[in-house]
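Student: Structure provided below as structure tokens; questions to follow.
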Amino acid sequence: MYGLENKVAIVTGGGSGIGRAVAKLYAANQIKVVVTDIDEDGGNETVSMIEKDGGESVFIKSDISSADDNKMLVDKTMEKFGSLHIACNNAGIGGPLEMTGEYPIDGWDKVIAVNLSGVFYGMRYQIPAILKSGGGSIVNMASILAKVGTKNSPAYAAAKHGVIGLTETSALEYADQNIRINAVGPGYINTPLLTKNLPDETLKSLASLHPIGRLGESEEVAELVLWLSSPKASFVTGAYYPVDGGYLAQ
């Protein structure tokens, strides 16, 4: 349906949430999926789910805040499958909640390292491999907070704003070399990143911020990622697509 049979994809943060949903949907469309995460149990569980449904997948543990790990990940992908066509740079963390004037420096450094530098490191090594493989698509996971601010999350908002700039710049650089690069901006999504860290009342409050009146689901984000990864989006590059239940329309 999407013309992605036997393509090879890397999904970072594939051990849970949006990353897992993307990996499973890729595999359901006959893509060979390399799942990576710092959570070895979660990553292997995603691979098991894919294999149970008849898909092809491997898990490679990596820390995307490390340039060396990103290089290793791409090198091992090329060794295993001989090519790379798609990358979904999804892994991210929320970080501390604190006002800018009191924000912990180590918290800032970690959020920027994972949410911004991790995307750059990923593309730094993915792009040469995708070029060698004849072209493809990269989808970077941004956020609604890539376009607007919110109190008490200066590092997260800054990093996600940076992902948009990085996406647009690299899309321009490789538009004539058969690599499309886009970003997706989820609203608040029902994932472990939220549900494991926030009380029920806070989750209800976050749900009410969306005109649709609920949190999003990982599978809803994955559907857009799949489309952007496919030839059906062949004239789309350098774009930012919210999946936010109307949040940014307010």
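Student: Which of the GluC sites (Glu not before Pro) found in the stretch 5-104 are loop residues per DSSP with 16 or fewer other Cβ atoms within 10 Å of their Cβ? All intermediate terms of the calculation are to be shown ahead of the outcome.
Tutor: Details: sites: GLU5, GLU40, GLU45, GLU51, GLU56, GLU79, GLU98, GLU102; in loops: GLU5, GLU56, GLU98.
Counting only loop positions with at most 16 other Cβ atoms within 10 Å, the GluC sites (Glu not before Pro) in the stretch 5-104 are GLU5, GLU56, GLU98.
Student: Relative to the longest principal axis of the C-alpha atoms of the chain, give the angle of the C-alpha long axis of helix 40-52, reported between 0 and 90° and rounded to the nearest 10°.
Tutor: That works out to roughly 50 degrees.
Student: Here's another thing I want to ask about it. What's the angle, to the nearest 10 degrees (0 to 90), between helix 154-174's Cα axis and the longest principal axis of the chain?
Tutor: Helix 154-174 sits roughly 30 degrees off the main axis of the chain.
Student: Which percent of Cα-Cα pairs in the stretch 77-219 sits in each 10 Å bin, short to long?
Tutor: Going out from 0 Å in 10 Å bins, the stretch 77-219 shows 11, 36, 32, 16, 5 percent.
Student: Normalise the Debye intensity by I(0) for the stretch 1-128, one equal point scatterer per Cα, no solvent, then take log10 at q = 0.09 Å⁻¹ and round to two decimals.
Tutor: -0.26
Student: Read phi for every residue in the stretch 231-248 and hand back ³J(HN,Hα) as whole Hz from Karplus 6.51 cos²θ - 1.76 cosθ + 1.60, θ = phi - 60°, with x for Gly and Pro.
Tutor: So the Karplus estimates, Gly and Pro as x, are x, 5, 9, 5, 10, 10, 8, x, 9, 10, 10, x, 10, 9, x, x, 3, 7 Hz.
Student: Which FRET efficiency value, to the nearest 0.05, is calculated for VAL236 and LYS76 with the Förster distance at 30 angstrom and r the Cβ-Cβ distance? Spell out each step's value before the answer.
Tutor: Details: r = 29 Å, r/R0 = 0.98.
Plugging the Cβ-Cβ distance into 1/(1 + (r/R0)^6) gives 0.55.
Student: If you build the Cα gyration tensor of the chain and take the root of 5 times each eigenvalue, what three semi-axes come out, in whole angstrom, biggest first? Write out the running numbers ahead of the final one.
Tutor: Numbers: eigenvalues 147, 74, 68 Å².
So the equivalent ellipsoid measures 27, 19, 18 Å along its semi-axes.
Student: Tally Lys/Arg at +1 and Asp/Glu at -1 over every other residue whose Cβ is under 11 Å from the Cβ of GLU220; what's the total? Mind showing how you got there, number by number?
Tutor: Details: positive: ARG214; negative: GLU217, GLU219, GLU223, ASP244.
After counting each charged neighbour, the total is -3.
Student: Let me know the shape class of the stretch 158-210, please: from the alpha-carbon gyration tensor, a ≥ b ≥ c as square roots of the eigenvalues, rounded when a/c is under 1.5, otherwise prolate if a/b is greater than b/c, or oblate. Intermediate values should be presented prior to the final figure.
Tutor: Working: a/c = 3.58, a/b = 3.36, b/c = 1.07.
Prolate is the answer for the stretch 158-210, as a/c is 1.5 or above and a/b outweighs b/c.
Student: Follow-up question, since we're still on this one. Can you list which of the trypsin sites (Lys or Arg not before Pro) found in the stretch 133-206 are DSSP loop residues with at most 14 other C-beta atoms within 10 Å? Walk me through the intermediate numbers first.
Tutor: Values: sites: LYS147, LYS151, LYS160, ARG180, LYS196, LYS204; in loops: LYS147, LYS151, LYS196.
For trypsin sites (Lys or Arg not before Pro) across the stretch 133-206 that sit outside H, G, I, E and B with at most 14 neighbouring Cβ atoms in 10 Å, the list reads LYS151, LYS196.
Each value in this text was obtained by applying a stated rule to the coordinates, not by laboratory testing. Keep in mind it's a predicted model, so treat the numbers as computed, not measured. We place every Cβ from the backbone using ideal geometry, glycine too, and count neighbours over all the protein chains shown.
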